[in-house]
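Colleague: The structure is given below, and queries will be raised subsequently.
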Amino acid sequence: AKSAFLSAMSHELRTPLNAILGFAQILTSDALPSTLPQKKEFAGHILKSGRHLLTLINEILDLARVESGMLALSLEPVALGEVLDECRTMIEPAAAQRGIGVLFPDAGATVVEADRTRLKQVLLNLLSNAVKYNRDGGAVMVALGFDRSGMVRMSVQDTGAGMRPDQLDLLFQPFNPLGQENSGHEGTGIGLVVTHRLVELMTGTIGVSSQVGAGSVFWIE
């Protein structure tokens, strides 16, 4: 399993790095003349690949820390409304670029026991995926639910392509993009693995339901 993981990680790291080096080589070469618009385009590719590489490295480091037990969490009362407002501010620009509407509930004075930073990381990962794998002009809906045991359920629903049962079975395995390799979306599946581990470390649970052609719902309690 470790060999397969390292092999996949090597490929995922080399892809954006090769793009960075390739476009940088073009920009610094006297033998390959390029116009100003082309230079801006190449610089844009370098920035995009660089950001993707940084995200990937951060996810790998997070996963390594979680798996090694080195990640220290501070469970404390967290005002859910504040966290959701911060997530809304961060996710709306990306959604607006594709005409995706994002609906958030009024959390009122709801307080949950969690690590504030990691709870925000979990919610942002679910929201980012809901936008990334959605259809243009679609919607992302966040909802809250409560039960008698005092647990709070937060769900993130999208209107994307949805997933088959066999894809759901492999959902929380690293470097498994679930058939999205040729979709034009960059992703390795590491983020969901880290999300799953973080929720468990905060003594919570995470789940998903999905229907092909209708979208998916991820929830955490």
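Colleague: Leaving out ligands and nucleic acids, note down the accessible area per residue over the chain with a 1.4 angstrom probe, in whole Å². Walk me through the intermediate numbers first.
Modeller: On the way: 12470 Å² over 221 residues.
In whole numbers, the chain has 56 Å² accessible per residue.
Colleague: Please work out the Cα convex hull volume for the stretch 1-84 and give it in Å³ per residue. The partial results should precede the final answer.
Modeller: Details: hull volume 12.3 nm³, N = 84.
Taking the convex hull of the Cα positions in the stretch 1-84, it is 146 Å³ per residue.
Colleague: Relative contact order for the chain: what is it in percent, counting Cα pairs under 8 Å that are at least 6 residues apart? Spell out each step's value before the answer.
Modeller: Details: 300 pairs, mean separation 40.1, N = 221.
Here the relative contact order equals 18 percent.
Colleague: Please state the equivalent ellipsoid semi-axes for the stretch 30-130: what are the square roots of 5 times the Cα gyration tensor eigenvalues, largest first, in whole Å? Provide the component values of the computation, followed by the final result.
Modeller: Values: eigenvalues 253, 93, 14 Å².
Largest first, the stretch 30-130 gives 36, 22, 8 Å.
Colleague: Tally up the carbon and sulfur contribution to the accessible surface of the chain as a whole percent, 1.4 Å probe, everything protein left in place.
Modeller: 56
Colleague: Based on DSSP, what percent of beta bridges with both residues in the chain are antiparallel, to the nearest 5?
Modeller: Values: 21 of 24 bridges.
The answer is about 90 percent antiparallel.
Colleague: Same structure, new question: Could you give the C-alpha radius of gyration of the stretch 48-93 expressed as a fraction of 2.2 N^0.38 Å, taking N as the number of residues it contains?
Modeller: Details: Rg = 14.6 Å, N = 46, 2.2 N^0.38 = 9.4 Å.
Relative to the 2.2 N^0.38 Å estimate, the stretch 48-93 comes out at 1.55.
Colleague: Report, in order of residue number, the helices in the chain meeting two criteria: a C-alpha extent of 27 Å or more along the helix axis, and a mean Kyte-Doolittle hydropathy of at least -1.0; treat each whole DSSP H run as one helix.
Modeller: Values: long enough: 2-28 (38 Å, 0.55); 36-68 (48 Å, -0.06).
Once both thresholds are applied, what remains is 2-28, 36-68.
Colleague: When the helix-only estimate is applied to the chain (DSSP H runs of n ≥ 4, each -39,500 (n - 2.57), divided by the residue count), what is the mean residue ellipticity at 222 nm, nearest 500 deg cm²/dmol? Before the final figure, lay out each step's value.
Modeller: Working: 6 runs with 112 residues, N = 221.
For the chain, the value works out to -17500 deg cm²/dmol.
Colleague: Ok, one more. Rounded to two decimals, what is Rg over Rh for the stretch 79-172 when you use alpha-carbon atoms and the Kirkwood radius?
Modeller: Details: Rg = 14.0 Å, Rh = 14.2 Å.
Dividing the radius of gyration by the Kirkwood radius yields 0.98.
Colleague: Further, regarding this structure: On each of the three principal axes of the Cα atoms of the chain, give max minus min coordinate, whole Å, ordered largest first.
Modeller: Ordered largest first, the chain gives principal extents of 71, 40, 34 Å.
Colleague: Still on this structure, I have one more. Consider a paramagnetic label point 7 Å from the Cα of GLU82 along Cα→Cβ; state which residues of the stretch 121-163 have an amide N under 16 Å from it.
Modeller: Flagged as within label range: 121.
The values are calculated or read from the model by the stated rules, or taken from the named source; none is laboratory data. Quick caveat, the model's predicted, so the values are computed rather than measured. With ideal geometry, Cβ positions are generated from the backbone for all residues, glycine too; neighbour counts draw on all protein chains shown. Ligands, DNA and RNA are stripped out before the accessible areas are found, and what is left, the full protein with its side chains, is counted by its heavy atoms. Shrake-Rupley method; radii C 1.70, N 1.55, O 1.52, S 1.80 Å.
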